[in-house]
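Report on the structure given below.
The values are calculated or read from the model by the stated rules, or taken from the named source; none is laboratory data. Since this is a predicted model, take the numbers as computed values, not measurements. Positions of Cβ are generated from backbone atoms using ideal geometry, with glycine treated the same way; all protein chains shown enter the neighbour counts.
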Amino acid sequence: MRKLIAFFRRFRVFLVFLILQVIALATYTSVMSFPRTKFLNTANAFVGQLLTWERNIIKYIYLDEENEKLQLKNIELENQLPHNYISIDQKTAIINDTIRLLSFERTNATVINSSHTFRNNYFTINSGTDRGIQRKMGVVSDNGVVGIVYDVSKHFAVVKSILTEDINISAYIEGINSFGIIKYNGEDPQIVNLTGISNDIDIKIGSEVKTRGSGGYFPQGISIGKIVSVEPIEGEPRWEIRVKLSQDMRSLRYVYVIKHIHQLELEELEKNIEQLQ
Amino acid sequence: MNVIVKNILRILVLIFAQGLIFGQLPFGFGIHPMIYPLAIILLPFDTRPVWLLIIAFFIGLSVDVFMNTFGLHASSAVLIAFIRPAIFRRFAPRDDYDLLKEPTASEWGYAWFIKVSATMILIHHLWFFILEYFKFSAWKDIITSTILSSLISLIIFILLQVFFFKKPKSI
């Protein structure tokens, strides 16, 4: 016994070091997910508040640019208003609106903290459960997909950005309609990879990649980016496709969180797939 | 000022500076300057090793909260807190440290400070980037990130020493 105590006393620094190191690495590798999602991120009230203050100070720097973007979007939307169209024949141009059902709702939010240089990047937005945001909702900007909500608190939410290794958003190439999965390899914050496209399919450089809408996180057809290069992977019957993101993640400021109204229905239905087989 | 209050204030300032300023700067090229290791270097000489580890752990955790890195900074901070005594011993002056003085550049000379902080930053950043990439195939990225970030961090450390840790004027 005395020897044991002597042993602990002799190596106590090393033991404390080991314990702390194990705790840190366990939270990092998400073995311990409770502290990770509960208080170890910027969705907590104190840090969220601090970051909001910081954001309030620096937001004026980008105001001009954002105004211009909003104006452009406004023009685009206004052009779609019915009074801009003249109908040629009153009887044949009836639009039956009830045929469409609203399925996706958008909530606006501001990015208060973001990173793009790490291998796995997250950003924080200033809307939380009080505005109806929940985990696993899709997040888009004016230009395209930016991420999926990872964790929420009352007033803030942490979003897993599209620049994360295991983001796995399913996407299709416009014009070809074959689909694959978006992944990020951590090299360039402007480029993501589209994996899983078989190499017997002809792919044009410059064609658009859009969300497929599976999983119900995003509506179908939201832009992700444009293909910049297509290369064969050695030993695999697949293309390595590099996609340039349409939203530059380095200058991300205003986003919309997408709520899928029929998410629950979709999940319940898809849950049965395994039982049916 | 009391040594404990002084150190706590210094730690808080460095954590906020890291979270709100240095963590947000878009340097590019995989550069992540980290200034909170300075708080660990500047703890008094006679801090007991166990306390050193615990303080470093909490400094790292607070930085993690800001940067959404979930324990990555905590791990690196604990590592350098663990090797700090050995590094201090390695670079000790001939007649050993005066425990009453602080480990700053103005007390022990810039050569000493650069040697100590360069070693600690290098180990800290190397550990950080190895854990972050966690792939052998990414060794080029790890090495470039480590070297470039270490250089920037070291320059920031020295600038902070020059501006904020001047030698108290003798009466």
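Points to keep in mind about this one:
One line per residue, one yes/no per condition, for (1) within 14 Å of chain A (Cβ to nearest Cβ); (2) not in a helix (DSSP H, G or I):
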site	(1), (2)
B:A74	yes, no
B:A77	yes, no
B:A81	yes, no
B:A86	yes, no
B:P93	no, yes
B:Y97	no, yes
B:L100	no, yes
B:S106	no, no
B:A111	no, no
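- Applying the condition of being buried (at least 20 other Cβ atoms within 10 Å of the Cβ) and under 10 Å from A:I241 (Cβ atoms) to segment A:183-202 and asking which residue is farthest from the other protein chains (Cβ to nearest Cβ) yields A:I197.
- Identification of helices (runs of 4 or more DSSP H) wholly contained in segment A:15-83 with 3 or more residues that are more than 13 Å from every other protein chain (Cβ to nearest Cβ) and at pLDDT 80 or above yields A:63-78.
- For segment A:203-216, taking the residues that are at pLDDT 85 or above and part of a loop (DSSP other than H, G, I, E, B), the one that is surrounded by the most Cβ atoms within 10 Å (Cβ to Cβ) is identified as A:R212.
- Identity of the residue in segment B:5-41, modelled with pLDDT under 85 and among the aliphatic types (A, V, I, L, M), that ends up farthest from B:S153 (Cα to Cα): B:L20
- Residues that are touching a Ser or Thr at 6+ places or on another chain (Cβ under 9 Å) and modelled with pLDDT of 90 or more were ranked within segment A:224-240; the one that is surrounded by the fewest Cβ atoms within 10 Å (Cβ to Cβ) is A:K226.
- Selected residue (only one of A:I261, A:I241, A:I273 is β-branched (V, I, T) and free of Cβ contacts under 8 Å to residues at least 12 places away in the same chain): A:I273
- Only one entry in B:A92, B:A56, B:A39 is among the aliphatic types (A, V, I, L, M) and closer than 17 Å to B:L126 by Cβ, namely B:A56.
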